[in-house]
Amino acid sequence: MSAATRAGPVLAADGTPLKRSLARALRMQKIRALLLVAPLLVFVLITFVTPIGQMLFRSVENDLVADTLPLTVAALADWDASAGELPEEPVFNALARDMIVAVREKNHTKLGTRLNYERTGMSSLFRKSGRQISRWDPEEDAPFRERLIDVHEGWGEIDTWKTIQTHSRRLTPGYFLNAVDMQLTPDGPMAQPESKRILIKLFGRTVWMSLVITVTCIILAYPVAYLLANLPLRKSNLLLIMVLLPFWTSLLVRTSAWKVLLQQQGVINDTLVWLGLVADEARLVMINNQFGTIVAMTHILLPFMILPIYSVMRTIPPAYVRAAKSLGATDWTAFWRVYFPQSVPGIGAGSILVFILAIGYYITPEIVGGTKGVFISNRIAYHISFSLNWGLAAALGTILLVAVLILYWCYDRIVGIDNVKLG
């Protein structure tokens, strides 16, 4: 037996085995670290993860029909819509009983609004029927088939019952189909009418204009960041203050200023007419279109591109360029072969930041975009605030989120997210 074995395990100062003491100290460190980050984790969970989870769920949630018309949904389960005949009396009886309760709880108008997204006229059908059905007695006034058809002729149309049956499931892909210009019908998914196909176009416009804004920001931001990184300290600080100045001005004020500048009777057109470059009767149309949106958003997002590029350029040693010149490289060769590759991580960081901000922008396109320069985010806001079609808004938001994640993944595969840095 060796001397170390005879001596027994190594002990800590308090007499406990050293291995156990180290494990306990490490465990306490982890607990303290967890307690330190716990407030941030709770904040992120409440303000970020939970809303996203609710959005994902709302994009497929469809409880309103089943909860408002439970008896009707159960009775319609055995109805064969393909037979081309109206449901039998038990279905009408169940509907009358459900509607009496729904009118009492004031849910029939919500149900009509929900089904009106799928078939025009359903809202008025439920609203007008509710006023009559609320006075009925479920026992004394039966049967209800003819009475309901007399109240509103819509109850005598097979398509009405097909719509209720099709959208009675608690989880539905209908909102996602609507988000890609399709609709869930009793015969399966079908394309929307040509006049209603706008969302795919808006998605394409949003991605395209965001890319144009990102590229424009790169072109404008790179020389400014280069000057900031290479000018003397006093001049670079003055220029940096000018770059940061827009952050001290309200976003709404900046956007409204562009609306004044770009309109046909605005400052820019007046200046061009005064200089004789544009005729007074041929003033340029620079507002309420894609051009106005791109100009205004480029101005607003430009600092978000300048700062990451500048922070990376500050870390590039000037000796590298001097060494390249001393070896015979021209100014252009030294810049392109030595300086520029080291600044690419800043371009990557700025591009991701600007593109993600641009793709979800709302205020600026709403004010200066008109009908031709709005983004998909404006449509989401419309469905949340005006049409109250929150399911479709959630589906559009989910698709936008997935698109950003896919682009982020593609960027990581091509460039490498590890190569993105802020200095």
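The values are calculated or read from the model by the stated rules, or taken from the named source; none is laboratory data. It should be emphasised that the depicted structure is a prediction, and the values quoted were computed from it without experimental measurement. As a convention, Cβ positions derive from the backbone with ideal geometry for all residues, glycine included, and neighbour counts pool all protein chains shown. These accessible areas exclude ligands, DNA and RNA; they are computed on the full protein's heavy atoms, side chains included. Shrake-Rupley method; radii C 1.70, N 1.55, O 1.52, S 1.80 Å.
Points worth noting:
- Sole residue being out of contact with any Asp or Glu (no Cβ under 6 Å at 6 or more places or on another chain) and either modelled with pLDDT of 80 or more or in the same structural domain as ASN116 (by TED's automatic domain parsing) (or both), chosen from LEU86, LEU11: LEU86
- Segment 305-331, residues that are more than 16 Å from LEU227 (Cα to Cα), in a helix (DSSP H, G or I) and either out of contact with any helix residue (DSSP H, G or I) (no Cβ under 7 Å at 6 or more places or on another chain) or aromatic (Phe, Trp, Tyr) (or both): ALA319, TYR320, ARG322, ALA323, SER326
- Residue count for segment 83-106 under the criterion of being farther than 14 Å from PRO138 by Cβ and buried (at least 20 other Cβ atoms within 10 Å of the Cβ): the result is 2.
- Test: residue in segment 377-391 that is open to solvent by 60 Å² or more (accessible area, probe 1.4 Å), touching a His at 6+ places or on another chain (Cβ under 8 Å) and in a helix (DSSP H, G or I): yes
- Any hit, segment 148-158, residues being in the same structural domain as VAL73 (by TED's automatic domain parsing), under 29 Å from the mean Cα position of the chain (by Cα) and free of Cβ contacts under 8 Å to residues at least 60 places away in the same chain: no
- Cβ-Cβ contacts under 6 Å between residues 6 or more apart (or on different chains), taken from a first residue in segment 66-85 that is in contact (Cβ under 8 Å) with a residue 12 or more places away in the chain to a second residue that is surrounded by 15 or more Cβ atoms within 10 Å (Cβ to Cβ) and among the basic types (Lys, Arg), are listed as LEU71/ARG97; ALA81/LYS162.
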